[in-house]
Amino acid sequence: MVRQRQYKHSAGLLLEKGYVGKGSKLLKGNKGHSFSKIGDAGMCGFYFVEEQTTFVVMNRRYQVPLDDLNTFHIHALAESMIYLTNLEECKALFADQNLLEEIHFIGGGSNILLTEDIKGLTVLNQLKGKSVIHETDDEVHVKFMSGENWHECVLWCVENNLGGIENLSLIPGTIGAAPIQNIGAYGVELKDVFVTLEAIDVNTGAVHVFSNAECEFGYRDSIFKHKVKGQYFILSVTLSLSKQHVCHTEYGMIAEELQKMGVEKPDIRSVSDAVIKIRSSKLPNPDHIGNAGSFFKNPIVTQEHFQSLKIHYPDLPSYPVEEGIKVPAAWLIEHSGPSSNQSWKGYRRGDCGVHERQALVLVNYGEASGKEILELSTRIITSVQQRFNILLEREVNVW
Ligand code: FAD
Ligand code: NAP
């Protein structure tokens with residue numbers, strides 16, 4: 001597991017006393033120039049460290065199975081892995097240019113599809129902590145460290161009567177991944193409460209603060225999926241949470257669920273409870289069936305395209321949005337299939353398939369490989385395009 005300690009000794013003494021062992025990594029400290037080379041601590045005499053040098057020791061593991069670190073439960077290996085638990089480790093890691101040939105970040109692994117082993121270094125984010133950094137009569141700004149679990153933070157907010165993210169209850173994953181695709185559900189998106197994030201540039205080690213505008217948030221989208229993809233490691237995210245709440249209950253089945261629960265005057269707790277109930281009944285739990293939530297984004301088509309589709313498919317649901325007309329991808333997938341008389345919904349071949357209750361969710365029933373799931377997604381994209389002339393875009397990050 002992760003160990004991080006600061007020592008004021010020579011490297012020779014550390015090795016002699018057994019403070020550092022095989023698999024540990026000596027990283028640059030406040031006298032980084034004093035190493036002639038940075039290498040595995042197990043390899044004595046590989047470097048020179050002056051007396052009184054302070055440095056960070058991090059455990060590095062090799063050939064790490066990722067099965068439990070991705071919610072699809074795909075079997076793959078990380079060539080090497082570091083578990084990041086504090087800011088000193090981050091600074092040391094990204095100050096060390098030798099480490100940065102190929103680098104991948106994993107939070108909760110709930111939005112990735114592994115199609116092969118991961119080469120180079122994989123960083124597992126375990127940065128924890130939260131703090132109130134600003135407060136007025138109406139709002140509170142809370143800074144969450146990026147390795148915090150998203151849903152636990154939502155529950156913490158509800159517990160502390162802080163509103164704004166209750167509709168985003170039960171979304172798996174970490175705080176740090178939330179801005180990557182501007183997570184959204186039930187009419188609320190991260191960008192609605194987002195203030196800033198701090199991210200470290202993996203090429204320079206410099207920390208940059210991104211404002212809401214700089215993140216270029218869009219529908220399940222941000223700058224981190226395009227222009228600066230892979231360039232930044234997100235350290236923390238600051239959200240603006242309300243003390244005077246406005247509940248959003250008009251989306252999807254929330255109002256219906258609140259009625260079933262006998263709630264007349266919804267508050268943030270009852271909305272969160274309703275969302276948790278709906279999601280638990282509709283979505284497959286990744287602990288039981290491997291999946292990464294919605295595999296595809298809902299496409300947005302032009303008004304003309306939509307009108308032409310409506311002639312042939314009068315039941316096609318639609319939601320007007322700024323850019324055009326949003327059409328539910330689940331409906332398109334359900335109304336196309338591997339053959340003319342079969343729907344994709346509930347389709348299964350081997351251990352990979354389309355969930356029987358939710359056509360947007362591709363699933364791994366056991367031993368499916370990432371390549372098989374990717375191939376199935378390509379078949380779905382092709383058949384939806386042939387039938388509706390709409391090109392579905394994958395939401396999940398394919399590695
Ligand atoms: P990971 O899968 O670990 O990573 C996703 C991407 O972000 C990767 O490219 C990774 O490299 C990058 N990344 C992760 N952490 C960092 C970091 N600190 N710095 C830089 N890059 C980073 N999404 C929604 O938007 N709405 C939903 O309602 C929703 N429901 C879901 C339901 C289920 C059952 C599942 C399995 C998934 C659902 N998702 C949903 C998708 C997913 O949970 C979110 O996208 C979530 O934010 C991913 O978090 P993660 O920590 O698991 O990210
Ligand atoms: P749903 O309520 O059955 O609705 C189907 C689709 O219609 C949703 O995808 C939603 O789009 C859209 N929709 C419904 N009501 C709408 C409205 N009033 N205005 C605009 N669009 C509307 O959806 P669901 O599958 O049960 O999911 C519920 C929510 O959780 C959705 O917001 C969905 O995005 C989110 N979710 C996301 C993931 C993921 O992995 N990304 C997984 C599960 C659930 P939007 O998707 O654009 O909201």
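For Thr196, what residues show an amide H to amide H distance below 5 Å, using hydrogens built from the backbone and excluding near sequence neighbours?
So Thr196 has HN proximity to Thr238.
Compare the peptides 192-198, 323-329 by average per-residue count of other Cβ atoms within 10 angstrom and give them in order, highest first.
Highest mean packing first, the order is 192-198, 323-329.
Once phi is turned into θ = phi - 60°, what whole-Hz ³J(HN,Hα) does the Karplus curve with 6.51, -1.76 and 1.60 give for every residue of region 350-365, x standing for Gly and Pro?
So the Karplus estimates, Gly and Pro as x, are x, 9, 10, x, 10, 4, 6, 9, 9, 5, 7, 9, 8, 10, 10, 7 Hz.
Using a simple charge model, +1 on the beta-carbon of Lys and Arg, -1 on the beta-carbon of Asp and Glu, nothing else, what dipole does region 290-398 show about its Cα centre, in debye to the nearest 20?
Around 200 debye, computed over region 290-398.
At 0.36 nm per residue, minus the direct Cα-Cα distance, what do Val209 and His134 gain on full extension? Give it in nm, one decimal, please.
25.3 nm
When the chain is fully extended, how far beyond the present Cα-Cα distance does Ala95 get from Lys371, taking 0.36 nm per residue of separation?
Answer, rounded to one decimal: 95.9 nm.
Can you work out ³J(HN,Hα) from phi for every residue in region 280-297, in order, using Karplus 6.51 cos²θ - 1.76 cosθ + 1.60 and θ = phi - 60°, giving whole Hz and x for Gly and Pro?
Working through the residues one at a time gives 5, 7, 9, 9, x, 6, x, 5, 9, 10, x, 6, 10, x, 5, 7, 10, 7 Hz.
Could you calculate the FRET efficiency of Ser308 with Glu250 from 1/(1 + (r/R0)^6), where r is the beta carbon distance between them and R0 is 25 Å, rounded to 0.05?
Once the sixth-power term is evaluated, E becomes 0.30.
Would you mind getting me the FRET efficiency between Val398 and Arg61? Use the beta-carbon distance for r and R0 = 22 Å, nearest 0.05.
0.35
Just so you know, all these numbers are worked out from the coordinates, no wet-lab data involved. Just so it is clear, the structure is predicted and the values come from calculations on it, not from any experiment. Please note: Cβ atoms are built from the backbone with ideal geometry, for glycine as well, and neighbour counts cover all protein chains shown.
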